[in-house]
1. Looking at 51, 44, can you tell me which residue is exposed (fewer than 15 other Cβ atoms within 10 Å of the Cβ), in contact (Cβ under 8 Å) with a residue 12 or more places away in the chain and under 22 Å from residue 77 (Cβ atoms)?
2. For residue 37, all conditions in the list (1) modelled with pLDDT of 90 or more; (2) under 14 Å from the mean Cα position of the chain (by Cα); (3) not basic (Lys, Arg) hold save one; what is the number of the exception?
3. Search the range 61-80 for residues being among the β-branched types (Val, Ile, Thr) and over 15 Å from residue 7 (Cα atoms), and hand back the single one that is least open to solvent (accessible area, probe 1.4 Å).
Amino acid sequence: MTTVQQRFPVPPEVLWNALPAGVAAIGGKQPVYGPQGFATCRTGMSILSWGQHVNVTVSSSGGGSTLTISTVLKFGVWDWGEGKRIANRFAAAVAYSAGTAALT
């Protein structure tokens with residue numbers, strides 16, 4: 001399991017509205033946008049991976065919001081950095097769509 005957390009200087013609603021851009025950036029399939037700032041999707045299989053489950057949480061934090069992205073392998077023990085690359089690509093696409101940059 002890999003978790004990446006980034007803070008942004010925008011309200012949570014702005015990040016929430018930008019989540020579809022993150023899903024598109026990682027080629028996410030079957031996205032589900034749940035209540036209270038939670039979303040989930042999965043990545044497809046490739047020649048090097050069985051894919052990952054991606055869980056995203058948007059929460060309010062001191063004058064802005066926090067985006068937490070967790071990835072879990074569908075099958076396997078080590079992801080060889082794939083989870084972190086997916087999470088960082090997701091966060092970058094959300095930041096771009098929201099018109100902001102991460103604070104951390």
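The values are calculated or read from the model by the stated rules, or taken from the named source; none is laboratory data. Note that this is a predicted model, so its numbers are computed, not measured. Cβ sites come from the backbone with ideal geometry, for glycine too, and all protein chains shown count toward neighbours. SASA here: full protein model, heavy atoms, side chains in, ligands and nucleic acids out. Shrake-Rupley method; radii C 1.70, N 1.55, O 1.52, S 1.80 Å.
1. Numbers: 51 fails: exposed (fewer than 15 other Cβ atoms within 10 Å of the Cβ).
Going through 51, 44 in turn, just one is exposed (fewer than 15 other Cβ atoms within 10 Å of the Cβ), in contact (Cβ under 8 Å) with a residue 12 or more places away in the chain and under 22 Å from residue 77 (Cβ atoms): 44.
2. (1)
3. The first filter runs over the range 61-80 and keeps only residues among the β-branched types (Val, Ile, Thr), leaving 66, 68-69, 71-72, 77.
Imposing the further condition that a residue be over 15 Å from residue 7 (Cα atoms) reduces the set to 71-72, 77.
Working: 71: 2, 72: 55, 77: 117 Å².
The selected residue is 71.
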